[in-house]
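Below is one structure; the comments refer to it alone.
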Amino acid sequence: MMLDWRGQVAEATGANIFFVRDGVLHTPTPDCFLDGITRRTVIDLARRRGIEVVERAIMPEELEGFEQCFLCGTAAEVTPVSEIGPYRFEVGEITRFLMNDYANEVRPKLSVAAQ
């Protein structure tokens, strides 16, 4: 996990970061890092499921209060994170939903006519 020049959570190497607390998805505001296509897709998929998405400044000391964490990016797709330093996260329902939804979005099943 990387911090920006202000000491706020920014991203990971080559991937954006998301956290879940109380059913709400939290992600840093992309004001000094790449607002990637995969990040925007994950936000869209979450909103389609009715999951509230909050883009905001996240301080490192907040990690203790998050239940889930995952990374997303072109190479990472949607990858759960189990721990960052002393903080541990579960692979919860929201992370699993978004992993599956993203996989279905980028690798849709072939139609019967195309097989």
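Some points to look at:
- Selection from segment 5-37 of residues that are surrounded by fewer than 21 Cβ atoms within 10 Å (Cβ to Cβ), among the β-branched types (Val, Ile, Thr) and within 13 Å of the chain's Cα centre (by Cα): Val24, Thr29, Ile37
- Breaking point among (1) of a type in the set (A, V, I, L, M, F, W, C); (2) under 14 Å from Glu11 (Cα atoms); (3) touching a Cys at 6+ places or on another chain (Cβ under 9 Å), for Leu98: (2)
- Search result, residues across segment 70-111 that are surrounded by fewer than 16 Cβ atoms within 10 Å (Cβ to Cβ), among the β-branched types (Val, Ile, Thr) and part of a helix (DSSP H, G or I): Val106
- Tally of residues being part of a loop (DSSP other than H, G, I, E, B) and surrounded by 15 or more Cβ atoms within 10 Å (Cβ to Cβ) across segment 41-56: 1
- Residue, modelled with the lowest pLDDT, within segment 60-82, restricted to residues that are in contact with a strand residue (DSSP E or B) (Cβ under 7 Å, 6 or more places away or on another chain) and of a type in the set (A, V, I, L, M): Ala76
- Where Ala10 falls short, out of the listed (1) part of a loop (DSSP other than H, G, I, E, B); (2) free of Cβ contacts under 8 Å to residues at least 60 places away in the same chain; (3) hydrophobic (A, V, I, L, M, F, W, C): (1)
- Single match in Val106, Val53, Val42 (criterion: at pLDDT below 95 and among the aliphatic types (A, V, I, L, M)): Val106
- For segment 21-40, a residue qualifies if it is within 19 Å of Val81 (Cα to Cα), β-branched (Val, Ile, Thr) and in a helix (DSSP H, G or I), and exactly one does: Thr38.
- Qualifying residue in segment 57-69 (condition: without any contact (Cβ under 8 Å) to a residue 24 or more places away in the chain, part of a loop (DSSP other than H, G, I, E, B) and at negative phi): no
The values are calculated or read from the model by the stated rules, or taken from the named source; none is laboratory data. Remember, predicted model here, so these are calculated numbers, not experimental data. Positions of Cβ are generated from backbone atoms using ideal geometry, with glycine treated the same way; all protein chains shown enter the neighbour counts.
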